[in-house]
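Enquirer: For reference, the structure I am asking about is given below.
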Amino acid sequence: MPTKITRIYRPTPTNLRRLAARLAGGGLVAVPSETVYGLAADALNPNACKAIFTAKGRPANDPLIVHIAHLRQLAELATDFPPEAKALANAFWPGPLTLVLRKTAAVPDIVTSGLPSVAVRMPAHPLFRKLIQLSGRPLAAPSANPFGYISPTTALHVKNGLSGHIAAILDGGPCPVGVESTIIDLRNPAKPVLLRPGGIPVEALASTLGRPVKVLQSRLHESTRAEAPGMLWKHYSPRTPLVLHEKIPASIWQSLPSGEVVLLQKKPAANLLTSIKAAGACLSWLSESGDTEEVAKNLFDALQRLDREAWTRIHAELAPTKKGLGPAINDRLIRAAAKS
Ligand code: AMP
Ligand code: MG
């Protein structure tokens, strides 16, 4: 039952102290990060973490990422920090990279869904870091949205999704990366495995490690779900039906039923735009140039906006590249369009 009054807080020093005290006392706060907004709680307090699952309607078999502000906080969470993890942390922390390591006994089972591993990230967002420092706690934080819905990249997205279920949202403006972190499993450091494409391209990880990174492919089987439980197939989903296209067919503009909208990766050339407008078709685009960082930054915001508008169907174009943030963009779009 939604019963709470949900307030959005501006990031004043007083509010930061107040929200940090709420976290230290076992409360929840929705926080901005460079990836998406997170719903944070003290990672070492099982009751606080349980409240995250309740507020989101998140199943207990989907573990949480733990966020730290300093490397010294890692010792409390992970039993070892292999050279491969050090190299990646050196290159990409603070930033949108999550490392899966062996966990210590201090990390509650509810955080890791009973797995012997823990997922850890050092975020770059100054407000998130400040709350970790002021609260003095590592913070568990999944995306601050109802489970399965589109991830939030503004404070308003959080409020629209979780109003009545949480009391506090810290407003840090729009998230600059716009997709979740890349997750790499380093439990066997000699054989790193990419569990989720995200804000750091896999080729950058491979280049830092000096070896290829195995990518978990396509639809996951039941047996691999325990390893990457958040990779449940249907996820990030708008309520409006979403249809994907490798490339938007040229014919679509003449035959698009009214009530349907097309979401392109980039702004069409001027002459095409003129003929689309002449045909009366509705469209939107994710970037001016097709740059994957710009597309990623705008992706969830565009899906949230189109889903609030009364379209009967959204046609979205997939990113045409496997480089940069292309795989992360397509992973989110494919899961958003999945039926189950
Ligand atoms: P999010 O829902 O964006 O917070 O991402 C959390 C995801 O991180 C989960 O859904 C899992 O895919 C992954 N994850 C978290 N903890 C672990 C872990 N201990 N082992 C493997 N994957 C994990
Ligand atoms: Mg999420």
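Enquirer: What is the residue count in the stretch 140-180 for residues that are touching a Gly at 6+ places or on another chain (Cβ under 8 Å) and in a helix (DSSP H, G or I)?
Expert: 1
Enquirer: State yes or no: is residue 92 buried (at least 18 other Cβ atoms within 10 Å of the Cβ), closer than 30 Å to residue 305 by Cα and either in contact with a Leu (Cβ under 9 Å, 6 or more places away or on another chain) or of a type in the set (Gly, Ala, Ser) (or both)? Working first, answer last.
Expert: On the way: buried (at least 18 other Cβ atoms within 10 Å of the Cβ): yes; closer than 30 Å to residue 305 by Cα: no; either in contact with a Leu (Cβ under 9 Å, 6 or more places away or on another chain) or of a type in the set (Gly, Ala, Ser) (or both): yes.
No, not satisfied.
Enquirer: Which is away from ligand 1 (no atom under 15 Å from the Cβ) and free of Cβ contacts under 8 Å to residues at least 60 places away in the same chain, of 94, 82? Step through it out loud before you land on a result.
Expert: Values: 82 fails: free of Cβ contacts under 8 Å to residues at least 60 places away in the same chain.
It is 94.
Enquirer: Give me a count of the residues in the stretch 128-161 that are within 16 Å of the chain's Cα centre (by Cα), hydrophobic (A, V, I, L, M, F, W, C) and buried (at least 24 other Cβ atoms within 10 Å of the Cβ).
Expert: 7
Enquirer: Go through the stretch 98-127 and give me each residue that's buried (at least 22 other Cβ atoms within 10 Å of the Cβ), part of a loop (DSSP other than H, G, I, E, B) and within 16 Å of ligand 2 (Cβ to nearest atom).
Expert: Once the filter is applied, which keeps residues that are buried (at least 22 other Cβ atoms within 10 Å of the Cβ), part of a loop (DSSP other than H, G, I, E, B) and within 16 Å of ligand 2 (Cβ to nearest atom), the stretch 98-127 yields only 123.
Enquirer: Evaluate the stretch 283-306: report whether one residue or more is buried (at least 18 other Cβ atoms within 10 Å of the Cβ), in contact with a strand residue (DSSP E or B) (Cβ under 8 Å, 6 or more places away or on another chain) and of a type in the set (Asp, Glu).
Expert: Within the stretch 283-306 (the criterion being buried (at least 18 other Cβ atoms within 10 Å of the Cβ), in contact with a strand residue (DSSP E or B) (Cβ under 8 Å, 6 or more places away or on another chain) and of a type in the set (Asp, Glu)), the answer is no, since none of the residues qualifies.
Enquirer: For the stretch 51-83, which residues satisfy the criterion of being surrounded by fewer than 14 Cβ atoms within 10 Å (Cβ to Cβ), touching a Leu at 6+ places or on another chain (Cβ under 9 Å) and not in a loop (DSSP other than H, G, I, E, B)?
Expert: none
Enquirer: For residue 68, are the conditions met, namely being within 21 Å of the chain's Cα centre (by Cα), closer than 24 Å to residue 186 by Cα and among the β-branched types (Val, Ile, Thr)? Write out each step before concluding.
Expert: On the way: within 21 Å of the chain's Cα centre (by Cα): yes; closer than 24 Å to residue 186 by Cα: yes; among the β-branched types (Val, Ile, Thr): yes.
It is true that residue 68 is within 21 Å of the chain's Cα centre (by Cα), closer than 24 Å to residue 186 by Cα and among the β-branched types (Val, Ile, Thr).
One line per residue, one yes/no per condition, for (1) modelled with pLDDT under 95; (2) in contact with an Asp or Glu (Cβ under 8 Å, 6 or more places away or on another chain); (3) over 25 Å from residue 124 (Cα atoms):
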residue	(1), (2), (3)
154	no, yes, no
161	no, no, no
189	yes, yes, no
201	no, no, no
205	no, no, no
223	yes, no, yes
236	yes, no, no
241	no, no, yes
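Enquirer: May I pose another question? Just to be sure, is residue 19 buried (at least 23 other Cβ atoms within 10 Å of the Cβ), over 26 Å from residue 297 (Cβ atoms), more than 16 Å from ligand 2 (Cβ to nearest atom) and not small (Gly, Ala, Ser)?
Expert: On the way: buried (at least 23 other Cβ atoms within 10 Å of the Cβ): yes; over 26 Å from residue 297 (Cβ atoms): no; more than 16 Å from ligand 2 (Cβ to nearest atom): yes; not small (Gly, Ala, Ser): yes.
Against the criterion (buried (at least 23 other Cβ atoms within 10 Å of the Cβ), over 26 Å from residue 297 (Cβ atoms), more than 16 Å from ligand 2 (Cβ to nearest atom) and not small (Gly, Ala, Ser)), residue 19 does not qualify.
Enquirer: Only one of 261, 295 is of a type outside the set (Gly, Ala, Ser), outside any loop (DSSP other than H, G, I, E, B), within 20 Å of residue 160 (Cβ to Cβ) and away from ligand 2 (no atom under 16 Å from the Cβ). Can you tell me which? Please lay out each step first, then the result.
Expert: On the way: 295 fails: within 20 Å of residue 160 (Cβ to Cβ).
Only one candidate passes the filter, namely 261.
The values are calculated or read from the model by the stated rules, or taken from the named source; none is laboratory data. Just so you know, these numbers come straight off a predicted model, no measurement behind them. Glycine gets a Cβ as well: all are built from the backbone with ideal geometry, and neighbour counts include every protein chain shown.
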